[in-house]
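This report refers to the structure that appears directly beneath it.
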């Protein structure tokens, strides 16, 4: 059985006033299809701050407010997931990780045991960093690097990042698919002797860092649109890559 980590970014899950519920439903449908196709599925989900903001309009530029919004949004977002998964007879769970958990072999092992038991029971773990008490992720990223560590340390076979970036593009032109001059690349082969993040813009830097991290352990990463899930459905369920970018290790 293949174990897969799906990471969905906050830009995919959010709209101006809160959670993008239609996109959330489409995500749940995808995860349900993967589970029924025999995958073990781990979800790394951003969006807690936006979910909190939909309930109370605090200034999201203030760090303490962002921590408070995360505390409000985490249970609200989980309830949205639970209600949607319940329609398909699937149970999901919440796993909040601190930023330093993977620095401790013992703590990593404890978390892995819990994840394994959830997956054995057919439950989808929904992982996020505990932003209320650990603010590094609020400052530095959008769970991309967390999802890469989850993929490695929890023995997943592949990381799939669903983003507002449809694919990786020629870095000498543009890294945005929406740009008229950009050139999407279907496959990127990384080696331990090079790094792509040195010439990447901020929008994709953490995604390339995640790919470079997984490269050290010979694990692939697939980057695709989270707004239109047809590419990721084709890649995972039909075994046909129509779009997106597959990052693989080249020894």
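The values are calculated or read from the model by the stated rules, or taken from the named source; none is laboratory data. Keep in mind it's a predicted model, so treat the numbers as computed, not measured. All Cβ positions, glycine included, derive from the backbone under ideal geometry; neighbour counts span all protein chains shown.
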Worksheet item: For residue 238, which of the numbered conditions (1) more than 21 Å from residue 143 (Cα to Cα); (2) at pLDDT below 95 fails to hold?
Response: (2)
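Sort out which residues of region 91-109 are exposed (fewer than 14 other Cβ atoms within 10 Å of the Cβ) and more than 30 Å from residue 29 (Cα to Cα), and write them in order of number. Before you say what the answer is, go through the steps one by one.
First, pick out the residues of region 91-109 that are exposed (fewer than 14 other Cβ atoms within 10 Å of the Cβ): 91, 100, 103-106, 109.
Selection gives 100, 103, 104, 105, 106, 109.
Please find, among 79, 106, the residue that is in a helix (DSSP H, G or I), free of Cβ contacts under 8 Å to residues at least 40 places away in the same chain and more than 24 Å from residue 154 (Cα to Cα).
Details: 106 fails: more than 24 Å from residue 154 (Cα to Cα).
None of the other options fit; the residue is 79.
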Worksheet entry | Contacts under 6 angstrom Cβ, first residue in region 227-239 being closer than 20 Å to residue 11 by Cα, partner in a helix (DSSP H, G or I) and at pLDDT 95 or above, 6 or more apart | 229/26; 229/30
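With respect to residue 77, determine if the residue is surrounded by fewer than 19 Cβ atoms within 10 Å (Cβ to Cβ) and within 18 Å of the chain's Cα centre (by Cα).
Here the answer is no, as residue 77 does not meet what is asked.
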Discussion item. Step by step: first the residues of region 82-103, then only those that are in a helix (DSSP H, G or I) and more than 23 Å from residue 20 (Cα to Cα), then the one that is farthest from the chain's Cα centre (by Cα). Which residue is that?
Written reply: 103
Discussion item. Taking the criterion of being farther than 17 Å from residue 230 by Cα and modelled with pLDDT under 90, would at least one residue in region 33-40 satisfy it?
Written reply: no
Practice prompt. Name the one entry in 213, 222 that is in contact with a strand residue (DSSP E or B) (Cβ under 7 Å, 6 or more places away or on another chain) and either at pLDDT below 95 or not in a loop (DSSP other than H, G, I, E, B) (or both).
Written response: 222
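Sort out which residues of region 3-19 are more than 17 Å from residue 165 (Cα to Cα) and touching a strand residue (DSSP E or B) at 6+ places or on another chain (Cβ under 7 Å), and write them in order of number.
Step one: of region 3-19, the residues more than 17 Å from residue 165 (Cα to Cα) are 3-5, 16-19.
The answer is 3, 4, 5.
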